[in-house]
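Visitor: Dropping the structure in here first, questions after.
The values are calculated or read from the model by the stated rules, or taken from the named source; none is laboratory data. Quantities reported herein were computed from a predicted structural model and do not represent experimental measurements. For neighbour counting, all protein chains shown are included, and Cβ atoms are generated from backbone atoms with ideal geometry for every residue, glycine included.
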Amino acid sequence: MINLIEAVNQALAYELQHDETVIVFGEDVGLNGGVFRATDTLQARFGEKRVFDTPLAESMIAGLAIGMASQGLRPVAEFQFMGFMYPGLNQIISHAARFRNRTRGRITCPLVYRAPMGGGIRAPEHHCESTEALFAHIPGLQVVIPSSPARAYGLLLAAIRNPDPVIFLEPSRIYRLYREEVADDGQALELGKCFQLKSGHDISLISFGASITETLQAANQLHEEGISCEVIDVASIKPLDFATIAHSITKTGRCVIIHEAAKTCGMAAEIMAQIMENCFAMLKAPVQRVTGYDTVMPYFQLEKFYIPSVTRIKSAVYYTMEIK
Amino acid sequence: MIIKTQFQIPFYQYLNQDGELSSSAPELKDTDIIKYFRIMTLTNIFDKKAIALQRTGKMGTYAPINGQEAVGAAIGMTLDKDDVFVPYYRDYAALYQRKVRLADILTFWGGDETSMTYSFQAHDFPFCVPIASQCLHAAGIAQALKYKKTSNIALCTIGDGGTSEGDFYEALNVAGAWNLPIVFVILNNKWAISVPLEQQTHCETLAQKAIAAGFQGVQVDGNDVFALHHVLQEAISKARDNLGPTLIEAITYRLSDHTTADDASRYQPKNQTEEAKKFTPLERLKTYLLQENILTNNDINQITNDCTQEIEEQVNLYLGRKLPTIEQAFDFHFATLPDYLIEQRAEALEEFYRAND
């Protein structure tokens, strides 16, 4: 039985063991095993040549990975927190996402940029970011956010084996939330697929990342109240598996989208737009979204009022179901 | 108080501004010197031709190289085929020697990514437009070459303005910290578009920026092929022998606009430009070749004619090229095209072929 962060560690170890082109690096990932322990013991097991610390510079981490990937390595680079990815944005957006296109397939970037994301860990500012939509907007990038140990393991394997750059964001709030059985069999999950976590017929709840926790809690409480919720974990926010979402909405005709990131131009907006384009005729009520506010993520004293709560999710469901 | 550390920045020049070769100059074979002359002549004529193509609407914005031909020529002459060249965006003399077709360089400025396929030198990097970001790619490449236990190195070029960027410092720092097989070459042409070097840095030299990263920086006359050849050879073999990186500051002068979209007369002092024109690498080498009777005026005319003809062929190749079709804008984003791009591609195709009917 392992938790989400142990699943990340297990996937990294599996790939290091089975593919000698895989290298893991970042700040404090070596001897220290990462500030969250994602890379715990990996350096001792696979050596300093394959698992190593870098100087403290995020643009450098992003840029080095590109150069390494161009030479046939498969770099898995860790940014210590999502909020520290921003100095690397130029490298990620201007280069990692574009080399295949710029060189018409000659130079490619089979690499993974990993980072813990989201709030709920009582850490200072910049350690609680949910800006996944920034990356989803960029042509040439794939963006993955696992929400369970099994999905973290299978999706990280898929990300490392993917021939193109993947942004792999790990919700730190649920790193140690629970354990489950995850066979260390090297079996990857498919990127670009939603996971249906709960079947239902009254309303579709679409979410991803740490918010899956509150979404499932809301669904269970609503079930007690006689409202049958279908819960879908988007997991790969780019490419988005809209077919699965559309299938669910065809069944329920109602939809609430939940994420921790700010509202404007968040992933919920994109999903709503696609629902509008493709599922308008099937809708029985306007689609609602429950998201973080368009404010800076507050320091942790106020975090719980920012992160979508079970109460807010349930209110949106009542509204959509036209329950007063 | 004690002096904790001190440093020195050597400056190399063997062929002075009057075309006289110092007696201490390292040996360079006549055939190599003639090669240098030919490459620089070709680059110079190519540059004029490219500007003409832009001015007559046959090409997009172009970044000229006039006056800086020697640095790229020396990189091409000294870098091994299997080393990885990571250029900025006006290294034509080097690219030419690394088997990139001149037609492909024109095609880049002609607005088509197909130009960056570099079929002959498949591991060299394409043009890098975001300033200094290529330095980190070169560092990553160097680390990978080391990881794979090859004896190859990475060489990257950058302008003087680029040395103000964080990526430049981050690349130097990691190159030093990891003792990477890498050579950084700054083409200090004194101008970052309109901003002169004095406003870019308070340092006496750009080469000394290597000192903070823990390795050697050297200055070289960037218009002197003898000095460039020597300094590059030393730096490359040092990197190859795992003896550490080198930062080379090649001092030259941008005798043209930054790009064809720029007008340098707005900011470059006329007397400075006029002065610099007297000391171009090409004229300097020509003086030397004639003085030493290595080439005659006839030989030089012959070389010029040959180069002109070669360029004409490449320009014709460029002008007669197949234009890209809209599929190409989609087909190289991912190894496998995702559904959303398949849909958008179909939509774009319809519009493209309707317009091209």
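Visitor: In segment B:90-106, what residues are of a type in the set (A, V, I, L, M, F, W, C) and either assigned to a loop (DSSP other than H, G, I, E, B) or within 9 Å of another protein chain (Cβ to nearest Cβ) (or both)?
Guide: Scanning segment B:90-106 gives a single hit, B:Val100.
Visitor: If only one of B:Gln54, B:Gln6 is on the phi < 0 side of the Ramachandran plot, out of contact with any helix residue (DSSP H, G or I) (no Cβ under 8 Å at 6 or more places or on another chain) and surrounded by fewer than 23 Cβ atoms within 10 Å (Cβ to Cβ), which one is it?
Guide: Answer to the check: B:Gln6.
Visitor: Moving to a separate point now. Go through (1) more than 14 Å from chain B (Cβ to nearest Cβ); (2) under 25 Å from A:Thr108 (Cβ atoms); (3) among the small types (Gly, Ala, Ser) for A:Ser148 and report which single condition fails.
Guide: (2)
Visitor: Among what's in segment A:55-83 and is touching an Asp or Glu at 6+ places or on another chain (Cβ under 7 Å), without any contact (Cβ under 8 Å) to a residue 40 or more places away in the chain and surrounded by fewer than 22 Cβ atoms within 10 Å (Cβ to Cβ), pick the residue that is nearest to the other protein chains (Cβ to nearest Cβ).
Guide: A:Ala57
Visitor: I'd like the full set of residues that are closer than 21 Å to A:Phe242 by Cβ, charged (D, E, K, R) and loosely packed, with under 14 Cβ neighbours inside 10 Å, limited to segment B:319-357.
Guide: Answer for segment B:319-357, where residues must be closer than 21 Å to A:Phe242 by Cβ, charged (D, E, K, R) and loosely packed, with under 14 Cβ neighbours inside 10 Å: B:Asp339, B:Glu343, B:Glu347.
Visitor: Taking segment A:9-40, which residues are in contact (Cβ under 8 Å) with a residue 12 or more places away in the chain and at positive phi?
Guide: Correct list: A:Gly26, A:Asp28, A:Gly34, A:Arg37.
Visitor: Collect the residues in segment A:92-131 that are under 30 Å from A:Glu303 (Cβ atoms) and facing chain B (nearest Cβ under 10 Å), keeping them in residue-number order.
Guide: Passing the criteria: only A:Ile93.
Visitor: Is it true that some residue in segment B:279-293 is among the polar types (S, T, N, Q), without any contact (Cβ under 8 Å) to a residue 60 or more places away in the chain and either exposed (fewer than 15 other Cβ atoms within 10 Å of the Cβ) or outside the structural domain of B:Lys35 (by TED's automatic domain parsing) (or both)?
Guide: Within segment B:279-293 (the criterion being among the polar types (S, T, N, Q), without any contact (Cβ under 8 Å) to a residue 60 or more places away in the chain and either exposed (fewer than 15 other Cβ atoms within 10 Å of the Cβ) or outside the structural domain of B:Lys35 (by TED's automatic domain parsing) (or both)), the answer is yes, since at least one residue qualifies.
Yes/no matrix, rows are residues, columns are (1) more than 24 Å from B:Thr252 (Cβ to Cβ); (2) in contact with a strand residue (DSSP E or B) (Cβ under 8 Å, 6 or more places away or on another chain); (3) within 7 Å of chain A (Cβ to nearest Cβ); (4) among the aliphatic types (A, V, I, L, M):
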position	(1), (2), (3), (4)
B:Phe108	no, no, no, no
B:Gly111	yes, no, no, no
B:Met116	yes, no, yes, yes
B:Phe120	yes, no, no, no
B:Pro130	no, no, yes, no
B:Glu170	yes, no, yes, no
B:Asn173	yes, no, yes, no
B:Asn189	no, yes, no, no
B:Glu198	no, no, no, no
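Visitor: Which condition breaks for A:Phe135 when tested against (1) touching a helix residue (DSSP H, G or I) at 6+ places or on another chain (Cβ under 7 Å); (2) more than 14 Å from chain B (Cβ to nearest Cβ); (3) at pLDDT 95 or above?
Guide: (1)
Visitor: For the condition at pLDDT 95 or above, assigned by TED's automatic domain parsing to the domain that holds B:Tyr89, within 22 Å of the chain's Cα centre (by Cα) and over 30 Å from B:Asp30 (Cβ atoms), what is the one hit in B:Tyr253, B:Tyr318?
Guide: Answer to the check: B:Tyr318.
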